[in-house]
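Below is one structure, written out as structure tokens, with a few remarks after it.
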Amino acid sequence: MTQQERILEYLQTGKTITTLNAFNELGITRLASRIYDLKEAGHLINKKMITVLNRYDEKCSVAEYSLGGSNAA
């Protein structure tokens, strides 16, 4: 199974994914690149910036991706 397939399968369950989720749950380190590849393949992927706390309790913004539909129009 490719990394793209793994991400797509994960998103199709209704979950959202961040870089940390991708690394911890799927073993993928370059999520943004794989999301780009999925978009180029015609998948509608939504991106939302969310605020999280880092290990030092500092606020930082990260991208959270979700599936917007089965295929882009």
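Looking at the range 13-22, can you tell me whether even one residue there is assigned to a strand (DSSP E or B) and under 10 Å from TYR65 (Cα atoms)? Lay out the reasoning, then the answer.
Restricting attention to the range 13-22, the residues satisfying the condition of being assigned to a strand (DSSP E or B) are 17.
Next cut, under 10 Å from TYR65 (Cα atoms) only: 17.
Yes.
Cβ separations smaller than 6 Å between residues 6+ apart or across chains give the following pairs from the range 9-35 residues that are over 14 Å from VAL62 (Cα atoms) and in contact (Cβ under 8 Å) with a residue 24 or more places away in the chain to residues that are among the small types (Gly, Ala, Ser) and assigned to a helix (DSSP H, G or I): ILE28/ALA22. Taking (1) over 22 Å from SER61 (Cβ atoms); (2) at pLDDT 95 or above in turn, MET1 satisfies each apart from (2). Would a scan of the range 4-12 turn up a residue that is among the polar types (S, T, N, Q) and in contact with a helix residue (DSSP H, G or I) (Cβ under 8 Å, 6 or more places away or on another chain)? Among the residues of the range 4-12, at least one is among the polar types (S, T, N, Q) and in contact with a helix residue (DSSP H, G or I) (Cβ under 8 Å, 6 or more places away or on another chain), which makes the answer yes.
Regarding the range 45-67, can at least one residue be identified that is part of a strand (DSSP E or B), at pLDDT 95 or above and in contact with a Gly (Cβ under 7 Å, 6 or more places away or on another chain)? So that I can check it myself, show each step before the final result.
Here is the first cut: in the range 45-67, the ones part of a strand (DSSP E or B) are 45-53, 59-67.
With the extra rule that they be at pLDDT 95 or above, the set shrinks to 45-53, 59-67.
Cutting the leftovers down to in contact with a Gly (Cβ under 7 Å, 6 or more places away or on another chain) gives us 45-46.
Looking for residues that are part of a strand (DSSP E or B), at pLDDT 95 or above and in contact with a Gly (Cβ under 7 Å, 6 or more places away or on another chain), one finds at least one in the range 45-67, hence yes.
The values are calculated or read from the model by the stated rules, or taken from the named source; none is laboratory data. Being a predicted model, the structure only gives us computed values, none of them experimental. For neighbour counting, all protein chains shown are included, and Cβ atoms are generated from backbone atoms with ideal geometry for every residue, glycine included.
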